[in-house]
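Any read-out appearing in this document is the output of simple, stated calculations on the displayed coordinates, not a laboratory observation. Just so we're clear, the structure is a prediction, and the values are computed from it rather than from any experiment. For neighbour counting, all protein chains shown are included, and Cβ atoms are generated from backbone atoms with ideal geometry for every residue, glycine included.
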Amino acid sequence: MRTEARRERLESEVVTDTTGSSTPSPPGASPETSVPSRPPAVRLLVVVVLAIVGLGWDLWTKQEVFAQIGYPGMAPVWKGQIAGVSIRFELATTFNHGALWGMGQGQTWLFASLSFVAIAAIAYFLWNGQAIASRWLTVVTGLLLAGTLGNLFDRLGLHRYKDDKGAIVYAVRDFLDFWFFNDSFHWATFNCADIYLVVGACMLVIHSFWVPADAT
């Protein structure tokens with residue numbers, strides 16, 4: 001009798017499992033962890049805020065510096081030493097017809113096209129949630145979007161600056177200028193959008209090797 005009762009109980013469990021009505025969860029699993037949760041909507045808001053604030057600061061600083069010291073123009077800011085390294089910082093207005101560190105000069109429209117591709121990629125990863133899968137990636141996305149939009153604004157000539165012939169300059173406005181080691185080494189002139197792009201790219205590389213503890 002005991003054997004028959006056990007057989008009936010086993011058959012009942014098999015039938016229940018095949019109907020999908022009471023499939024047991026893995027040991028230690030909970031309803032909250034068994035189904036992946038979508039990133040919080042607040043992270044999307046953070047990306048938007050970072051992009052807007054970053055873009056606004058980039059465009060404002062460019063406009064103010066170029067308006068104050070003109071183009072071409074130069075204004076000393078600070079000179080001294082940090083950790084024994086001599087540093088001279090100045091504002092020097094210039095137009096960059098290439099990319100970061102002056103690479104690809106004369107390829108403005110190529111880099112403008114790549115900016116549109118980057119924006120489309122960011123939009124896609126925002127749509128599927130990968131770009132805001134963690135707080136770390138949320139900040140990265142906001143910085144990259146702000147930097148891309150800031151330099152794209154200039155490459156499209158929306159700043160309305162014109163050259164000596166009256167033609168609009170389709171180039172990025174740079175003004176942050178650093179000299180090191182008693183002026184023997186000159187770092188490429190850059191702007192705030194470049195800072196966002198470099199910091200965002202470095203954070204992305206770090207993320208590829210190390211996932212922060214606050215990844216969820």
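Before moving on, here are some points about what is shown:
- In terms of its C-alpha gyration tensor, segment 130-211 has an oblate overall shape, because the principal axis ratio a/c (a ≥ b ≥ c, square roots of the eigenvalues) is not below 1.5 and a/b does not outweigh b/c.
- For segment 39-209, the square roots a ≥ b ≥ c of the C-alpha gyration tensor eigenvalues yield an a/c of 1.5 or more together with a/b not exceeding b/c, which makes the shape oblate.
- Simple rule: put +1 on each Lys or Arg Cβ and -1 on each Asp or Glu Cβ in segment 109-216, find the dipole, and look at A167, A121, L110; the Cα lying farthest toward the positive end is A121.
- Each residue of segment 169-175 was assigned a 3J(HN,Hα) from its phi angle through the Karplus expression (A = 6.51, B = -1.76, C = 1.60, θ = phi - 60°), giving 8, 8, 7, 8, 7, 10, 7 Hz with x at Gly and Pro.
- Between A41 and V117, the FRET efficiency estimated from the beta carbon spacing at R0 = 30 angstrom works out to 0.70.
- Residues H159, H97, arranged from fewest to most other Cβ atoms within 10 angstrom of their Cβ, appear as H97, H159.
- Positive contributions from Lys and Arg (+1) and negative ones from Asp and Glu (-1), summed over other residues with Cβ under 10 Å from the Cβ of A92, come out at -3.
- Nearest-20 debye value, segment 39-209 charge dipole, Cβ charges on Lys, Arg, Asp, Glu: 300 debye
- If you take all other residues with their beta carbon under 13 Å from the beta carbon of N151, and give Lys and Arg +1 and Asp and Glu -1, the sum is -1.
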